[in-house]
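Below: the structure, in structure tokens.
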Amino acid sequence: MSHETQVILDRVVLVKVEANIYGARKKLKKEDLVLADGSKLPPEDLASLGSKRLLDPDKLTVFNRLKKEAERICLRVGTRFLGGFAVPVESAASITAELERIGLDFAAAKTEFIAGYDAAVTDWVVRHPEFAGIIEQAVDSVEFVSTRLSFDFLVVSVGLPDSLPPADIARLESKIGSLSEQMFYEISVEANQLIEQSLLGKEQVTRNALRPIRRMRDKLDGLGFLDHRVAPVVATIDDLLARIPNKGAIEGSILQEILAMAMLLSDPDKTRRHGEGLLEARPPVADDVDVDVDVDVDVDEIIEHAEPEPPATPTPVFAETVSDSHDFSDLFDGIFDDEIEPESVSEDWALEVLPDKSQADATATDDSDEDIQPDDQSDLVAVTADGDDDEDAAEHSDQDYWF
């Protein structure tokens, strides 16, 4: 296994969310249909009859909402991986706390649904009296329905067995290598939602429009170890956020910059190329700066013509001799000037860089949506990966915006 793969595995945990929701559906049978004389159903190899609902689907909305909320929580800081979500280790505790809250809400909703299950079925029959027979004969018992409603989650670390065929190692490395691609895709989905729902055609927006930008920024920053091109993109977002006024509606040129940033993030390829371009444009930073002083002076000549060191109590005559020695002072003036000049250039460069970093730090701490990260990560369990295939396509995140 490569070093890069091991670094990523050491920095993420796998969060598996298991939400089972009762569908309240049964297969529609031929005998459930009343056909007119001469009517004929197509054969089963040509078309299927579909399903029939056993109660109002709105009764199950709460469970679907909680399941999607759990997925959004994981996607806020992580990305889809091996049927679950790869989440930074430092975010695992906060994710666990939120999923536990959802579990409690799910259990309360289940209790309420089970208590009103019979009444919900009866109401559905009353609303469709002509089909009462096909509904009643397909109704499930309360005990069965209870087993079909559950919510749970698991947080584990991912590792490899000591002995594994090279093909399996290559398969896992391929999955891990695609994590950054999946991350950029998920960012593009949220950026497109922001553009379509909040930015296009608007002359001004409220400060709520910054929430999706900050969420995307935090996700990229937390998963920056997946791709070296992420850091300069995060720095660009920080620079934009630092220039947004603290109060009032957002409009004018700054709104156009937010739209341009969202357009950039909505295209995964352009986002990657933008980060790559910023990295190439950065000046190289050397750890040790060697200052070469080019002074055409013979050192031996200096030593030969230099005056002897004065005694502890100099005589007035010697002091007068030193002050009148113009050649001696001019000689060392040039040397000291050449040494100071390169250092001043280095200091000017630092002064230009430091304000940008301070602005970025100030912006990163000014996010009202930022979650508190607990320190307890004792629930992590080590497991081994057996090369299961990841999901081929990520579901679109279901963000809510209020503007």
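The values are calculated or read from the model by the stated rules, or taken from the named source; none is laboratory data. Since the structure is predicted, the reported quantities are computational estimates derived from the model, not experimental observations. Cβ coordinates were reconstructed from backbone atoms using ideal geometry, including for glycine residues, and neighbour counts include every protein chain displayed. For accessibility, only protein heavy atoms count, side chains too; no ligands or nucleic acids. Shrake-Rupley method; radii C 1.70, N 1.55, O 1.52, S 1.80 Å.
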Return the residue satisfying two criteria in turn: it lies in the range 1-21 and is out of contact with any Phe, Trp or Tyr (no Cβ under 8 Å at 6 or more places or on another chain) and either of a type in the set (Phe, Trp, Tyr) or in a loop (DSSP other than H, G, I, E, B) (or both), and of such residues it is least open to solvent (accessible area, probe 1.4 Å). 2
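In the range 181-207, how many are in a helix (DSSP H, G or I), farther than 18 Å from residue 83 by Cβ and either at pLDDT below 90 or open to solvent by 60 Å² or more (accessible area, probe 1.4 Å) (or both)? Before you say what the answer is, go through the steps one by one.
Looking only at the range 181-207, we keep the residues that are in a helix (DSSP H, G or I), and these are 181-199, 207.
Now narrow it down to the ones that are farther than 18 Å from residue 83 by Cβ: 184, 187-199, 207.
Okay, now just the ones that are also either at pLDDT below 90 or open to solvent by 60 Å² or more (accessible area, probe 1.4 Å) (or both), so 192, 196-197, 207.
Qualifying residue count, the range 181-207: 4.
Counting only residues that are under 24 Å from the mean Cα position of the chain (by Cα) and of a type outside the set (D, E, K, R), give me the helices (runs of 4 or more DSSP H) lying completely in the range 77-178 with at least 2 of them.
Working: elements: 92-115, 117-127, 132-136, 142-147, 166-177.
Result: 92-115, 166-177.
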Output for the range 242-269, where each listed residue is assigned to a helix (DSSP H, G or I) and within 17 Å of the chain's Cα centre (by Cα): 261, 262, 264, 265, 268, 269
Of the residues in the range 239-272, those that are touching a residue at least 40 places away in the same chain (Cβ under 8 Å), within 20 Å of residue 179 (Cβ to Cβ) and open to solvent by 40 Å² or more (accessible area, probe 1.4 Å) come to 267, 272
Cβ pairs under 7 Å, 6+ apart, first in the range 207-222 and farther than 22 Å from residue 256 by Cα, second open to solvent by 40 Å² or more (accessible area, probe 1.4 Å): 219/76
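Against the condition open to solvent by 40 Å² or more (accessible area, probe 1.4 Å) and under 18 Å from residue 189 (Cα atoms), how does residue 235 come out, does it pass? Before you say what the answer is, go through the steps one by one.
On the way: open to solvent by 40 Å² or more (accessible area, probe 1.4 Å): yes; under 18 Å from residue 189 (Cα atoms): no.
For residue 235, the condition - open to solvent by 40 Å² or more (accessible area, probe 1.4 Å) and under 18 Å from residue 189 (Cα atoms) - is not met.
Yes/no per residue for (1) closer than 30 Å to residue 179 by Cβ; (2) open to solvent by less than 70 Å² (accessible area, probe 1.4 Å); (3) in contact with a Phe, Trp or Tyr (Cβ under 6 Å, 6 or more places away or on another chain); (4) at pLDDT below 95:
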{"residue": "35", "(1), (2), (3), (4)": "no, no, no, yes"}
{"residue": "41", "(1), (2), (3), (4)": "no, yes, no, yes"}
{"residue": "45", "(1), (2), (3), (4)": "no, no, no, yes"}
{"residue": "52", "(1), (2), (3), (4)": "no, yes, no, yes"}
{"residue": "76", "(1), (2), (3), (4)": "yes, yes, no, yes"}
{"residue": "99", "(1), (2), (3), (4)": "yes, yes, yes, no"}
{"residue": "103", "(1), (2), (3), (4)": "yes, yes, yes, no"}
{"residue": "108", "(1), (2), (3), (4)": "no, yes, no, no"}
Within the range 88-97, the residues that are closer than 23 Å to residue 188 by Cβ and in contact with a Phe, Trp or Tyr (Cβ under 9 Å, 6 or more places away or on another chain) are 88, 95
